[in-house]
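Working notes, beginning with the structure itself.
The values are calculated or read from the model by the stated rules, or taken from the named source; none is laboratory data. Computed from a prediction, not measured in an experiment: that's the story for all the values here. So basically every Cβ, Gly included, is an ideal-geometry build from the backbone, and we count neighbours across all protein chains shown.
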Amino acid sequence: MDLQGLRRESDYRWVIEPEGRMRVPAVLYADEALVRDMDDKVRQQISNVATLPGIVGAAYAMPDAHWGYGFPIGGVAAFDAERGGVVSAGGVGFDISCGVRTMLTDCTREEIVAVQGSSRTNSPGRSRPVSAAPGGCTSRKTRWTRC
């Protein structure tokens, strides 16, 4: 990766300041040799992540970052739903079929928290959605989507 446009904050922290549609900075964590070895598409993708609605703080790329599907592999970002945040399956690695799933439900946060941590909510391998398990939220609209 070309270092032009990166501001070095420390031996292992590099910042791309917001420009264009970026809402927050993009931060790369790596030493100079690793940053130079990263594909320029990592810079493009982490900058694109920084444009997403509701992003909080910054878009981050870890030392192993490399080109991915939307997010760079090794990319990290947090989103605030109250500020129009998004959930992106591409941000958690669907490219290697790592079992990431998205659950769409009309259950309230309170209903989910009430059963969180119980054996009823720790069974993602089962065929039924955990929120529809006996004693859990019984929404008829809950469904799992394999990403």
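As a summary of the residue check, Thr51 satisfies the conditions (1) more than 19 Å from Leu6 (Cβ to Cβ); (2) surrounded by fewer than 18 Cβ atoms within 10 Å (Cβ to Cβ); (3) in contact (Cβ under 8 Å) with a residue 24 or more places away in the chain except for the one numbered (1). Only residues that are part of a loop (DSSP other than H, G, I, E, B), touching a Lys or Arg at 6+ places or on another chain (Cβ under 9 Å) and acidic (Asp, Glu) were counted in region 13-66, giving 1. For region 72-93, a tally of residues being under 17 Å from Val24 (Cα atoms), at pLDDT 85 or above and within 13 Å of the chain's Cα centre (by Cα) returns 7.
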